[in-house]
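The values are calculated or read from the model by the stated rules, or taken from the named source; none is laboratory data. Small disclaimer: the values here were computed from a predicted structure and weren't measured. As a convention, Cβ positions derive from the backbone with ideal geometry for all residues, glycine included, and neighbour counts pool all protein chains shown. The protein model used for the area step is the full one, side chains on, heavy atoms only, and it has no ligands, DNA or RNA in it. Shrake-Rupley method; radii C 1.70, N 1.55, O 1.52, S 1.80 Å.
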Amino acid sequence: MDKKVTVVGAGNVGATAAQRLAEKELCDVVLVDIIEGVPQGKALDLSEAAPIEKHDAHLTGSNDYEASKGSDVVIITAGIPRKPGMSRDDLISTNAGIMKNVTEQIAGMSPDAVLIIVSNPLDAMCQVAFDTSGFPKQRVIGMAGVLDSARFRAFISMELNVSVENTHAFVLGGHGDTMVPLPRYSTVAGIPITELLPKDRIDAMVERTANGGAEIVGLLKTGSAYYAPASAAVEMAESILKDKKKILPCAAYLEGEYGINDLFIGVPVKLGATGIEEVIQIDLTEEENAALQKSAAAVQELKELLKKLKS
Ligand code: APR
């Protein structure tokens, strides 16, 4: 393949993302992890599936960042996942250290790469990667909104018994309990769901979406969601690798857009070969804007916590 993607963290999200990238023949894939043998073993296992799955993507695994050299896109999933009863924010201290270490090494090997951050707490981890890499804001992007809106879409499809392909949904804000699903901009075949469903049903879906991660953690008990998170990261990578210019909700570093400054938060962006090509500003009602600002305040608190941990 003429594109190269490194996935850091060969755990559940990372290995699933590697599988999807390879099976879609988007790129060659390098899996990097600190555990000896795991990235090598998973890359070999996936390579041995290739003749059956009919793809020619090369997969390699390594504990050494040298193998990641010259990547076009780097998906960072390294970290510890959320355990039952643990909020994403509890993870911040451990995962910030891991993110700093990973980003330093990645930035040295692939100075032109676009970084897709997956590790939680997402908005804070984006900040760590941005500060550590020194990359321009267009090339540090957080995976959250694509996952959250896919969850919302899945629930809309279940509720109305229609194809998921007919659904579209928008979720803005931080990737946490304060995320802002936007029913007005969420549609089935172009029709806003506010015209198709009563308010109480929409409210229930909005709440289920905001608790989507916790619902899976509660069921799995020993880890967090990974199929949908991997799919979401790969959709973003695909738009970048193929320069598709898809509009997707992603965590982006805002400097004044939506009245928010110097903060990573989920907004609609256009993703192309150079990363974020545009932050799309949509009109929000007073209520929607208030919810977004509340979410921004929650992310700001995490940013302050990060600063405290540093000092
Ligand atoms: N460098 C490289 N890899 C690391 C490092 C590090 N410093 N620290 C941990 N890892 C690896 C682990 O060895 C493990 O293989 O990251 C991987 C994480 O995989 P899982 O534990 O299976 O976690 P996963 O479910 O994939 O979630 C990863 O994504 O959705 C988020 O909240 C989730 O932050 C978590 C991340």
Confirm whether Val299 is assigned by TED's automatic domain parsing to the domain that holds Met179, in contact with a Cys (Cβ under 6 Å, 6 or more places away or on another chain) and buried (at least 24 other Cβ atoms within 10 Å of the Cβ).
-> no
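Collect the residues in region 26-46 that are in contact with a Lys or Arg (Cβ under 9 Å, 6 or more places away or on another chain) and more than 11 Å from the ligand (Cβ to nearest atom), keeping them in residue-number order.
Leu26, Cys27, Asp28, Val29, Val30
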Residue that is open to solvent by less than 30 Å² (accessible area, probe 1.4 Å) and more than 16 Å from the chain's Cα centre (by Cα), where the choices are Ile265, Ile280, Ile260 = Ile260
Residues of region 193-204 satisfying the condition of being touching a residue at least 12 places away in the same chain (Cβ under 8 Å) and either within 14 Å of the ligand (Cβ to nearest atom) or hydrophobic (A, V, I, L, M, F, W, C) (or both) = Ile193, Leu196, Leu197, Ile202
If only one of Ala154, Ala144, Ala113, Ala150 is within 21 Å of Ala18 (Cα to Cα) and more than 14 Å from the ligand (Cβ to nearest atom), which one is it?
-> Ala113
So Leu160 clears everything in (1) away from the ligand (no atom under 16 Å from the Cβ); (2) at pLDDT 95 or above; (3) buried (at least 21 other Cβ atoms within 10 Å of the Cβ) except one condition, right? Which one?
-> (3)
